[in-house]
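Before any comments, here is the structure.
The values are calculated or read from the model by the stated rules, or taken from the named source; none is laboratory data. Keep in mind the model is a prediction, meaning the values are calculated, not measured. Cβ placement follows ideal geometry from the backbone for every residue including glycine, while neighbour counts extend to all protein chains displayed.
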Amino acid sequence: MRFLDRSDAGRFLARELVRFRGRRDLIVLALPRGGVPVGYEIARALQAPLDVFVVRKLGVPGREELAMGAVASGGIRVLNAGVVAALGPRAQEAIDWVTAREKEELLRREERYRGARTFPDLEGKTVFLVDDGLATGATMRAAARAVRERKPARLIIAVPVAAESTGRKMQAEADEVVCGWQPEPFFGIGQFYDNFRQTTDEEVHALLAGAAEREA
């Protein structure tokens with residue numbers, strides 16, 4: 001199985017979620033940029049609002065690939081206790097410095113994508129957290145934990161494709177994980193798409209604007 005592109009993957013995944021259609025407590029949060037075309041198709045099929053949930057990794061200074069936590073939409077920060085402990089007495093200084101830098105980038109992206117619209121209230125909602133696939137799942141894990149801080153009634157992680165081991169681990173982060181396909185072997189998300197070019201900021205903005213017009 002292969003997807004033509006992210007929109008095709010979103011339509012495929014929406015068929016797995018049709019049982020939720022028409023409920024008034026739904027909201028679809030897509031991880032930009034690649035998750036937005038997927039989330040757009042899901043939101044359209046479920047007649048639900050669409051928004052973005054921006055996540056920025058907090059990389060250890062000098063070892064940016066090692067995440068000591070993440071900041072996310074709504075002013076939420078989650079920390080990796082094990083990595084933070086290993087940093088020693090200067091951990092807080094590093095956390096504060098990297099957090100300030102990544103918050104600036106997060107706010108820039110949110111302003112670019114959301115404009116003047118405020119972040120939606122998630123309390124008591126059924127939230128779909130959507131991306132175009134899961135490889136290691138690090139970004140989705142941070143996003144899920146940050147969404148939990150907003151007190152949704154139910155959190156559902158929804159992705160078209162994921163590594164089987166990552167899909168299993170995500171079960172601990174959400175009330176439900178809906179994954180259209182968990183192939184093995186899994187070398188990367190892009191191998192399952194015919195067109196996996198990078199989604200642009202302009203495309204994200206256009207999809208969000210289109211979804212907002214549909215809800216108006």
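All but one of (1) of a type in the set (D, E); (2) surrounded by 12 or more Cβ atoms within 10 Å (Cβ to Cβ); (3) free of Cβ contacts under 8 Å to residues at least 12 places away in the same chain hold for E104; which doesn't?
(2)
What strands (runs of 3 or more DSSP E) lie completely within the range 120-216 and have 3 or more residues being within 17 Å of the chain's Cα centre (by Cα) and farther than 19 Å from A48 by Cα?
Answer list for the range 120-216: none.
Identify the residue in the range 49-73 that is part of a strand (DSSP E or B) and touching an Asp or Glu at 6+ places or on another chain (Cβ under 7 Å) and, among all such residues, is surrounded by the fewest Cβ atoms within 10 Å (Cβ to Cβ).
G59
Within the range 74-89, can one find any residue that is in the same structural domain as G137 (by TED's automatic domain parsing), at negative phi, part of a loop (DSSP other than H, G, I, E, B) and buried (at least 18 other Cβ atoms within 10 Å of the Cβ)?
No, the conditions are met nowhere in the range 74-89.
Please state which one of A158, A172, A143 is among the aliphatic types (A, V, I, L, M), within 21 Å of L4 (Cα to Cα) and not assigned by TED's automatic domain parsing to the domain that holds A72.
A158
For the range 163-190: of the residues being out of contact with any Lys or Arg (no Cβ under 9 Å at 6 or more places or on another chain), crowded, with 19+ Cβ neighbours inside 10 Å and among the small types (G, A, S), which is farthest from T136 (Cα to Cα)?
G167
Of all residues in the range 16-34 being assigned to a helix (DSSP H, G or I) and in contact with a helix residue (DSSP H, G or I) (Cβ under 8 Å, 6 or more places away or on another chain), which is farthest from L122 (Cα to Cα)?
The selected residue is V18.
Let me spell it out: the conditions are (1) under 18 Å from A142 (Cβ atoms); (2) within 14 Å of the chain's Cα centre (by Cα), and V28 meets all of them except one. Which number is the exception?
The one condition V28 does not meet is (1).
Please verify whether the range 19-39 includes one or more residues that are on the phi > 0 side of the Ramachandran plot, touching a strand residue (DSSP E or B) at 6+ places or on another chain (Cβ under 7 Å) and modelled with pLDDT under 90.
no
With the condition kept exactly as written, say whether any residue in the range 138-150 is in contact with a strand residue (DSSP E or B) (Cβ under 7 Å, 6 or more places away or on another chain) and acidic (D, E).
Looking for residues that are in contact with a strand residue (DSSP E or B) (Cβ under 7 Å, 6 or more places away or on another chain) and acidic (D, E), one finds at least one in the range 138-150, hence yes.
Restricting attention to the range 47-69, which residues are within 18 Å of the chain's Cα centre (by Cα) and either under 22 Å from R117 (Cβ atoms) or modelled with pLDDT under 85 (or both)?
Scanning the range 47-69 gives A48, P49, L50, D51, V52, F53, V54, V55, R56, K57, A67, G69.
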